[in-house]
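Before any comments, here is the structure.
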C-alpha cells in the first residue's frame, strides 16, 4: 500500500470512529419503559403504533410493580414507570425519584381464569371454587405474589371477601407477577387462578381457557399510574404523552381497562 493510500485509509478510519462515537446508538436512543405485566399485550401494541407513527422506539421491560419500584430505588436506568398501583408512584415521588406525581392512565380488573378441561367453572362469585375447595378437589390455584404484585394484593383481598383465603392458602401457586400467574393458571397443573382481565382478553391467553369478571367492589381499585423518572429524555416524554392520545386509549379500552375521564 502506498503512503498516500495508507494516509487515506487512516483518515477514513478516524472519521468513521468519530462519527460512531458522536451518533447515539439505537440502544441509547430507545428509552426503557418499566411496565406492569398486566400491560404486556396492550403496551406492546401501543409501542408498535408509536414507532410506526413517530419513528421513535421504546424498549419494554415487563414485571411486577413492586420489583420495579425496588429496582428504581437501586438506580435502574428506566425512564418511564407504568405501575399497576398508584401508591408505588406516590412513594417514589415522595422520595424524589420521579418528576412529578404522574398520570392516572387506567383502572384494571380481576378475573378468575381456568384452563380448558379444568374441573373448575369460572363464575363471578367464586361459588364453584368454594364448592371444589370444600370437596378437596383443588390441587393448585395461581395468583400473583401479593407481597409485591398489585394484582396479587387485590386477588388476596377478593379471596378474603369471598371467605376463601384461609382455606385456599395451602394450594396457592404464586407468580412473580400477574403474567406468570396466568401461565401457572393455564399450565394444566392448576385448576385455575385469578389474573388481570387485560391478559384474559389477549388471544394468546384467552384462547387457552375461560374466565369471569370478579366484582370490582371485592377489592381496592387497581388504579394504574405512570410517571417519568428524573432522567427521562425526549423520546420517553413523547411516549408518555402518546399514552394519553386517542389511539393508545382505544387499545387500552380493548384490553378491558377503564380509562380516566370516561
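The values are calculated or read from the model by the stated rules, or taken from the named source; none is laboratory data. Being a predicted model, the structure only gives us computed values, none of them experimental. Note: ideal-geometry Cβ built from the backbone for every residue, glycine included; neighbour counts use all protein chains shown.
Select from segment 67-87 the residues that are part of a helix (DSSP H, G or I) and either in contact with a strand residue (DSSP E or B) (Cβ under 6 Å, 6 or more places away or on another chain) or under 18 Å from residue 109 (Cα atoms) (or both) and list them in ascending order.
To start, the set of residues in segment 67-87 that are part of a helix (DSSP H, G or I) comprises 67-73, 86-87.
Selection gives 68, 86, 87.
Checking residue 187 against (1) modelled with pLDDT of 95 or more; (2) under 24 Å from residue 39 (Cα atoms); (3) out of contact with any strand residue (DSSP E or B) (no Cβ under 6 Å at 6 or more places or on another chain), which single condition isn't satisfied?
(1)
Within the group 196, 130, 162, which residue is under 25 Å from the mean Cα position of the chain (by Cα) and in contact (Cβ under 8 Å) with a residue 12 or more places away in the chain? Before you say what the answer is, go through the steps one by one.
Numbers: 130 fails: under 25 Å from the mean Cα position of the chain (by Cα); 162 fails: under 25 Å from the mean Cα position of the chain (by Cα).
It is 196.
Name every residue in segment 240-257 that is surrounded by fewer than 19 Cβ atoms within 10 Å (Cβ to Cβ) and free of Cβ contacts under 8 Å to residues at least 40 places away in the same chain, in order of residue number.
Once the filter is applied, which keeps residues that are surrounded by fewer than 19 Cβ atoms within 10 Å (Cβ to Cβ) and free of Cβ contacts under 8 Å to residues at least 40 places away in the same chain, segment 240-257 yields 241, 245, 246, 250, 253.
Mind listing whichever residues of segment 173-184 are surrounded by 20 or more Cβ atoms within 10 Å (Cβ to Cβ) and either out of contact with any helix residue (DSSP H, G or I) (no Cβ under 9 Å at 6 or more places or on another chain) or farther than 18 Å from residue 39 by Cα (or both)? So that I can check it myself, show each step before the final result.
Looking only at segment 173-184, we keep the residues that are surrounded by 20 or more Cβ atoms within 10 Å (Cβ to Cβ), and these are 175, 177-182, 184.
The answer is 184, and nothing else.
Out of 117, 63, 75, 136, which single residue is under 29 Å from residue 260 (Cα atoms) and modelled with pLDDT of 95 or more?
Details: 117 fails: under 29 Å from residue 260 (Cα atoms); 75 fails: under 29 Å from residue 260 (Cα atoms); 136 fails: under 29 Å from residue 260 (Cα atoms).
On inspection, the qualifying residue turns out to be 63.
Considering only segment 191-208, how many residues are over 19 Å from residue 42 (Cβ atoms) and out of contact with any helix residue (DSSP H, G or I) (no Cβ under 6 Å at 6 or more places or on another chain)?
1
This table checks each residue for (1) assigned by TED's automatic domain parsing to the domain that holds residue 30; (2) surrounded by fewer than 16 Cβ atoms within 10 Å (Cβ to Cβ); (3) closer than 22 Å to residue 255 by Cβ.
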{"site": "79", "(1), (2), (3)": "yes, no, no"}
{"site": "89", "(1), (2), (3)": "yes, no, yes"}
{"site": "93", "(1), (2), (3)": "yes, no, no"}
{"site": "98", "(1), (2), (3)": "yes, no, no"}
{"site": "116", "(1), (2), (3)": "no, yes, yes"}
{"site": "120", "(1), (2), (3)": "no, no, no"}
